[in-house]
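Working notes, structure below.
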Amino acid sequence: MTTDRWLSAEQLHAWVRFIAVVELLPGVLDTQLQKEAELTHFEYFTLAMLSEAPDRTLRMTALSTATNSTLPRLSHVVARLEKRGFIARTPCAEDRRATNAQLTEAGWEKIHSAAPGHVSTVRDRVIDTLDATDIADLDRIMSKVLASLDPGNTFTLLDRSA
């Protein structure tokens with residue numbers, strides 16, 4: 001017979017707050033970006049990943065990994081961004097079966113103009129509420145949680161410290 005392992009009061013307290021942040025933060029980021037840049041947070045994140053890629057280009061599969069998205073979801077979002085002139089899809093020169101997504105000049109201008117407001121929101125709502133020790137603790141804690149959730153380390157594109 002197995003014994004259920006319940007959370008202690010302290011663990012439950014921390015868990016409930018973690019879940020509250022996980023639920024509330026995406027809405028805060030979406031609201032700011034939609035209001036100021038007419039982008040969802042996922043659209044912004046997609047453009048940002050392309051802006052940091054060599055030649056501002058990634059295969060759709062690599063972009064899917066970088067954004068932790070399924071290919072169908074990513075394809076839908078890229079199609080919307082393509083209609084707005086922010087991304088161009090082209091066949092991959094190395095593998096004709098693959099498709100590349102490339103940030104256009106208009107996409108570069110969009111991400112460049114949206115970034116200050118987004119960073120300001122991230123600072124106001126998260127970073128500036130923490131001191132240097134908190135930031136180090138957050139990094140340490142999130143690294144442990146991410147290692148558990150992403151044992152294949154697919155989010156390496158996001159790690160600028162490496």
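A few comments on the model shown:
- For the stretch 33-39, 3J(HN,Hα) computed residue by residue from phi via the Karplus equation (6.51, -1.76, 1.60; θ = phi - 60°) reads 5, 5, 5, 8, 10, 6, 10 Hz, glycine and proline entered as x.
- Alpha-carbon centroids, the stretch 68-135 and the stretch 16-56: separation in whole Å: 9
- Ratio Rg/Rh, restricted to the stretch 53-118 and using Cα atoms, in which Rh is the Kirkwood radius: 0.97
- Under 5 Å from the amide H of T99 lie the amide H atoms of M60, T61, C92, each residue being 5 or more positions distant or on a separate chain, with H modelled from the backbone and absent for Pro and chain starts.
- Modelled label positions at R140 and A115, each set 7 Å beyond Cα in the direction of Cβ, lie 3.1 nm from each other.
- Highest GNM mean-square fluctuation among V22, V122, V78, for the chain modelled with Cα contacts below 10 Å: V22.
- Put in order of Cβ neighbour count within 10 Å, fewest first, the listed residues W15, W108 become W15, W108.
- Computed from phi, the 3J(HN,Hα) profile of the stretch 87-97 under the Karplus parametrisation 6.51, -1.76, 1.60 (θ = phi - 60°) reads 9, 10, 9, 9, x, 6, 5, 7, 8, 4, 6 Hz, with x in place of Gly and Pro.
- Taking the Cα centre of the chain as reference, the dipole from Cβ charges on Lys and Arg (+1) and Asp and Glu (-1) amounts to some 600 debye.
- R0 of 25 Å, Cβ-Cβ distance V21-E105: FRET efficiency to nearest 0.05: 0.10
- Proximal lysines to K35, defined as alpha-carbon separation beneath 29 angstrom and excluding residues fewer than eight positions away on the same chain: K83, K110
- Cβ-based exposure ranking for R56, R123, in which fewest neighbours within 10 Å come first: R123, R56
- Taking other C-beta atoms within 10 Å as the exposure proxy, I141, I87 rank I141, I87 from fewest upward.
- Separation of the T31 and T2 label points, Cα + 7 Å toward Cβ, nm: 4.0
- Here the translational diffusion coefficient of the chain follows from Stokes-Einstein with Rh set to the Kirkwood radius across Cα pairs; for 10 °C and 1.306 mPa s it amounts to 89 µm²/s.
Read-outs: derived from the displayed coordinates by stated rules, not from any lab. In this text, all values refer to a predicted model and were calculated from it rather than measured experimentally. Neighbour counts run over all protein chains shown; Cβ positions are idealised from the backbone, glycine included.
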